[in-house]
1. Which entry in (i) 25.4; (ii) 20.6; (iii) 23.7 is this structure's computed Kirkwood radius over Cα pairs in Å?
2. In sequence order, what are the phi-derived ³J(HN,Hα) couplings for region 275-289 according to the Karplus relation 6.51 cos²θ - 1.76 cosθ + 1.60 with θ = phi - 60°, rounded to whole Hz, with x for glycine and proline?
3. In sequence order, what are the phi-derived ³J(HN,Hα) couplings for region 56-63 according to the Karplus relation 6.51 cos²θ - 1.76 cosθ + 1.60 with θ = phi - 60°, rounded to whole Hz, with x for glycine and proline?
4. What spacing in nm lies between the two simple spin-label points modelled at residue 71 and residue 268, each 7 Å away from Cα in the Cβ direction?
5. Hey, if you put +1 on the Cβ of every Lys and Arg and -1 on every Asp and Glu Cβ in the chain, which of 119, 154, 58 ends up farthest toward the positive end of that dipole?
6. For residue 254, what charge total do you get from the other residues with a beta carbon under 14 Å from its beta carbon, if Lys and Arg give +1 and Asp and Glu give -1?
7. Quote to one decimal, in nm, the extra length available between residue 133 and residue 63 on full extension: 0.36 nm per residue of separation minus the C-alpha distance between them.
8. Pairing the Cα long axis of helix 248-257 with the longest principal axis of the chain, what angle in degrees results, from 0 to 90 and rounded to the nearest 10?
Amino acid sequence: MSTLTATPARRAVRLRTRRHHSVARPRRSPLLTVLTAVVLVYSLVPLAWLLINATKTQEDLFSSFGLWFGDSFSLWDNIVATLTYDDGVFVRWFGNTVLYVVVGAGGATFLAILGGYALAKFNFPGKRGVFALVIGAVAVPGTALAVPTFLMFSQLGLTNTPWAVIIPSLISPFGLYLMWTFAAEAIPGELLEAARIDGAGEFRTFFRVSLPLLAPGIVTVLLFTMVATWNNYFLPLIMLRDSSWYPLTLGLNAWNAQAATAGGEAIFNLVITGALLTILPLVAAFLLLQRYWQSGLAAGSVKE
């Protein structure tokens, strides 16, 4: 009898122990820990290689181990040489990239906000068709549209101008879809109705009521579009011939290709240092906006 009465108690204690272990103190998985460590090493080793080799001279790059420092620490000299080489063309490329990001990525984010909000909170004929069109546009890679875009801009006489890079960057199907789904969950319809009953117009409702609620989604879309524009290589490659309008991606590739040209100067130390300077703004943006980015990705995952 005592054994029979003790069995349910032991089961209850066992169930409580399992529940406590899974919620308050999750079980550790050795396999998941190993996989996470592998991904971490895979992500950090290239950055470590870049940082270490940016401190080397041209000679040390070929005479020392790739993941260790050379005989001299030349990081500051490399930075100065990168910024001043060829009359400071790197600074011009950096300014071009900032221009493309501010106008292109900023405009793409603004259009995604307007379009996503309208698609999420207004009903109109053909809405399902627009949804299918957006999903189809997300599935089409950008490289597949590069040649038709070049032909169209060539007919308009816009190639070899900043507009050939900025205008295509204004279209972000993924950003539109992301803002659409985010706005549908983040903005209660009752809140919009209350604002309209109080006499607020659509513009005031959007800017005063809806826009603050969309902040996490806006930052998320801004980060995605900013990274895509900052790292854009193929579109500027086919659109631009004048090196003065190059972004950093094309400029560093041109520097790297100098060694293969007849009489060209090998400046691999400047290429590596320029690559380090190129990624610093992206790293800073992710670190500063990380909390908004994480909350934006998690929005809508829990329904109350």
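Read-outs throughout are calculated quantities, based only on the coordinates presented, and are distinct from any laboratory measurement. Here the structure is a predicted model, which means the values were calculated and not measured. Cβ placement follows ideal geometry from the backbone for every residue including glycine, while neighbour counts extend to all protein chains displayed.
1. Identified label for the calculated read-out: (iii).
2. 5, 5, 5, 6, 7, 4, x, 5, 4, 4, 5, 5, 5, 6, 9
3. 9, 7, 4, 6, 5, 4, 9, 10
4. The answer from the label model is 1.7 nm.
5. Looking along the dipole axis, the top candidate is 119.
6. -1
7. Working it through step by step, the gained length comes to 19.7 nm.
8. The two axes meet at around 50 degrees.
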